[in-house]
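Encoded as structure tokens, the structure appears first; notes follow it.
The values are calculated or read from the model by the stated rules, or taken from the named source; none is laboratory data. Small disclaimer: the values here were computed from a predicted structure and weren't measured. As a convention, Cβ positions derive from the backbone with ideal geometry for all residues, glycine included, and neighbour counts pool all protein chains shown.
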Amino acid sequence: MPKTPIDIQRHTAEEAIHPSGIEIFSFDILYRHEVAKQMIFTDHRSSFYHIFRCSPYCKNTCTHYVEDKEVVFNNSLLFINRDISHKYPMQMCDGFIVLFTDTFFASTYEKIDFLSHNTTLFKNDYTLIPMQSAQCTTIVDLYLTLMKQRQPQDKTETANTIILRNLLHNLLMTIERECRARIPRISSLQDDEYYMQQFKTLLDEHYQTHKQVSFYATELRISEKRLSQIVYAKRGMSAKAFINEKMLTTAIFLLQNTTLNQAEIAQKLGLDAIYFLKFFSKHTGMTPARYRQQQEEETTSISAT
Amino acid sequence: MDSKNNMDFWVFALDDPELRQFYAIQANNPSLNYVIYIQEASQVFSFKAKQVLRLRDECMLLIDSYLVPVFFNLPLKGYTVIMTEKFCKTKDTKILLQLSFFHSSPEGIIDFGNVNDEQKKYMNLLVEEYHHPYDDMQPPMLRNLIFNILLLSPTNNYNIQLKSGHLLSYALQFMELTNEYAFHHMKKAFYADKIGITEEMLTRALRVTYQKTFREIITCKVLVEGIKNLICTNKSITQIAHELNYDASDFNKLFLQWKGLSPTDIRTNYQKLISYAENTY
């Protein structure tokens with residue numbers, strides 16, 4: 001924590017944060033610190049990195065000012081690069097702050113690589129990452145919790161600091177991945193093709209458990225409307241229709257090539273047995289049993305000729 | 001098997017048939033480390049097998065490759081994490097992971113102790129990460145997770161190793177030398193000389209880093225090599241002894257002193273263990 005009040009400009013790590021080079025704490029600790037309060041509300045530069053995580057339960061708008069620009073980070077993560085001019089708003093946010101220095105983090109070749117490599121986080125002045133995907137959010141919050149438990153007591157390098165550094169590295173890489181998933185592609189034609197492929201892959205993986213367009217849209221980081229637009233452009237049907245197609249094709253495959261009964265097939269598709277009956281009849285005009293019977297009749301008649 | 005293999009890192013569930021396929025191809029690869037995380041060992045009923053193999057719920061073991069078939073024949077629930085030496089020895093290892101000392105454990109098993117909640121969380125993250133599509137960040141992600149798990153193991157003394165600096169480097173150099181010379185040079189002076197330090201310094205380095213004496217480490221090396229030969233080859237005991245620069249009676253004595261078992265016993269026991277695993281389950 002800062003020891004001496006400084007006018008406006010740069011705060012070095014030695015003055016501002018724990019000697020170990022890393023500090024993890026909640027916003028209210030910063031806002032109650034007598035000396036810090038003198039500095040953080042005016043523009044200043046810090047020679048260390050900031051990660052802000054706004055709690056999903058925060059009731060007010062979480063903002064921060066980066067180079068005089070207001071950035072809202074509710075339900076998001078905000079990463080501020082070092083030496084960027086920024087200031088805290090008067091209204092406190094409910095959440096966590098991680099501050100760390102180059103010296104702490106860049107202790108191995110691998111980690112130095114990460115800093116200097118083409119990473120979005122360390123290229124931009126600041127990066128705002130919305131925490132949309134439930135899976136990503138869980139992982140990020142897990143890393144933050146694990147890190148908080150390991151705040152070092154002093155400067156010495158112990159097994160604890162190594163563990164903490166590894167956690168920080170993984171947290172940053174998780175955030176970086178999330179960033180890269182969002183970077184818009186160059187041409188919109190490639191956009192559609194790319195998303196269509198991703199959608200198909202995801203559907204293949206998750207059709208048994210997820211049938212809603214909203215799930216796939218979230219995973220792809222686009223809106224439901226956009227997803228439907230893409231599927232229409234590429235396949236001439238809505239995203240929902242595409243999902244139904246997948247269910248139907250799989251059902252037909254199972255009917256034709258296995259001896260599973262209706263209930264078992266419904267289970268394989270993740271559908272309720274009665275619903276499956278209705279669904280199949282609606283889309284093919286006959287019941288699954290009749291469909292199977294018909295297939296067998298056709299096969300026998302062919303082989304008879 | 002997919003293109004992750006260029007990472008030198010694999011994760012398999014213990015009951016995954018792909019593990020057998022993997023081992024069938026990799027059995028003779030000496031640079032692989034097998035870390036076994038056992039979640040449940042309750043379906044293994046033999047008390048003796050459990051004792052010998054150190055099986056219990058929520059534990060972690062590092063095993064030599066010849067023991068792998070025993071493990072995947074037993075009804076264990078858990079995972080195996082397989083890493084090459086290259087994966088573990090990044091340019092940066094400031095600490096000495098037990099892995100590189102491993103090859104001096106005659107039993108072929110190093111016990112990393114019971115797994116705590118934090119380690120379980122890392123393990124889950126690791127399995128999840130492994131199944132994520134490959135990108136350039138995956139190797140460091142996995143490496144950080146497995147290293148954290150090993151660092152938290154109660155049987156390791158990393159804090160001491162971190163302090164000992166140059167002693168650590170002498171100990172490492174010594175281990176490298178033993179890989180080449182263990183069976184032909186039994187004198188401390190030889191090794192101390194090669195590294196360029198005094199014998200006292202070498203003793204201290206070994207004591208601080210491994211808590212073992214020179215004698216214990218050299219004997220260990222011989223036992224390990226002996227056991228490997230006994231189990232993986234059909235050579236006669238006399239032949240093995242001679243290859244390791246021992247005469248047959250001294251070789252026998254070595255084993256009897258260590259475990260109270262003769263080389264023949266070791267060979268029979270291992271065969272019994274393998275057939276027990278294969279036939280019972």
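Annotations for the structure displayed:
- Only listed residue being touching a Cys at 6+ places or on another chain (Cβ under 9 Å) and among the basic types (Lys, Arg), chosen from B:LYS228, B:LYS221, B:LYS259, B:LYS212: B:LYS212
- Applying a threshold of 6 Å to beta carbon distances and a minimum spacing of six or more residues, or different chains, the list of pairs starting in segment A:145-174 at a residue that is under 15 Å from B:MET141 (Cα atoms) and ending at one that is in a loop (DSSP other than H, G, I, E, B) reads A:LEU164/A:ARG150; A:MET173/B:MET137.
- Any chance B:ASN245 is outside any helix (DSSP H, G or I), free of Cβ contacts under 8 Å to residues at least 24 places away in the same chain and surrounded by fewer than 18 Cβ atoms within 10 Å (Cβ to Cβ): no
- Residue satisfying condition, being away from chain A (no Cβ under 12 Å), at pLDDT 80 or above, more than 21 Å from the chain's Cα centre (by Cα) and crowded, with 18+ Cβ neighbours inside 10 Å, within set B:ALA205, B:ALA189: B:ALA205
- Any hit, segment B:260-278, residues being of a type in the set (D, E, K, R), touching a helix residue (DSSP H, G or I) at 6+ places or on another chain (Cβ under 8 Å) and not in a helix (DSSP H, G or I): no
- B:LEU67 being among the hydrophobic types (A, V, I, L, M, F, W, C) and either assigned to a helix (DSSP H, G or I) or modelled with pLDDT under 80 (or both): yes
- Residue ranges of helices (runs of 4 or more DSSP H) in segment A:238-298 with at least 2 members touching a residue at least 40 places away in the same chain (Cβ under 8 Å) and either farther than 17 Å from A:HIS206 by Cβ or not assigned by TED's automatic domain parsing to the domain that holds A:ALA217 (or both): none
- Residues of segment A:114-160 classified as more than 9 Å from every other protein chain (Cβ to nearest Cβ) and assigned to a helix (DSSP H, G or I), total: 16
- Of all the residues in segment A:201-226, those that are buried (at least 18 other Cβ atoms within 10 Å of the Cβ) and within 23 Å of A:ALA251 (Cβ to Cβ) number 4.
- Residue within segment A:167-178 that is assigned to a helix (DSSP H, G or I), touching a Lys or Arg at 6+ places or on another chain (Cβ under 7 Å), surrounded by 15 or more Cβ atoms within 10 Å (Cβ to Cβ) and not small (Gly, Ala, Ser) present: yes
- Residues of segment B:70-87 satisfying the condition of being touching a Lys or Arg at 6+ places or on another chain (Cβ under 8 Å) and either more than 17 Å from B:ASP15 (Cβ to Cβ) or surrounded by fewer than 18 Cβ atoms within 10 Å (Cβ to Cβ) (or both): B:PHE87
- Some residue of segment A:173-182 being more than 13 Å from chain B (Cβ to nearest Cβ) and under 28 Å from A:GLU67 (Cβ atoms): yes
- Within segment A:162-182, tally of residues that are over 14 Å from A:THR137 (Cα atoms) and either under 16 Å from the mean Cα position of the chain (by Cα) or modelled with pLDDT of 90 or more (or both): 10
- B:TYR23 passes every criterion in (1) crowded, with 20+ Cβ neighbours inside 10 Å; (2) of a type outside the set (A, V, I, L, M); (3) more than 20 Å from B:GLN271 (Cβ to Cβ) apart from (3).
- Candidates are the residues of segment B:112-127 that are more than 8 Å from chain A (Cβ to nearest Cβ) and assigned to a helix (DSSP H, G or I); the one that is farthest from A:MET173 (Cα to Cα) is B:ASP117.
- Output for segment B:128-139, where each listed residue is at the interface with another protein chain (Cβ under 7 Å from one of its Cβ atoms) and at pLDDT 90 or above: none
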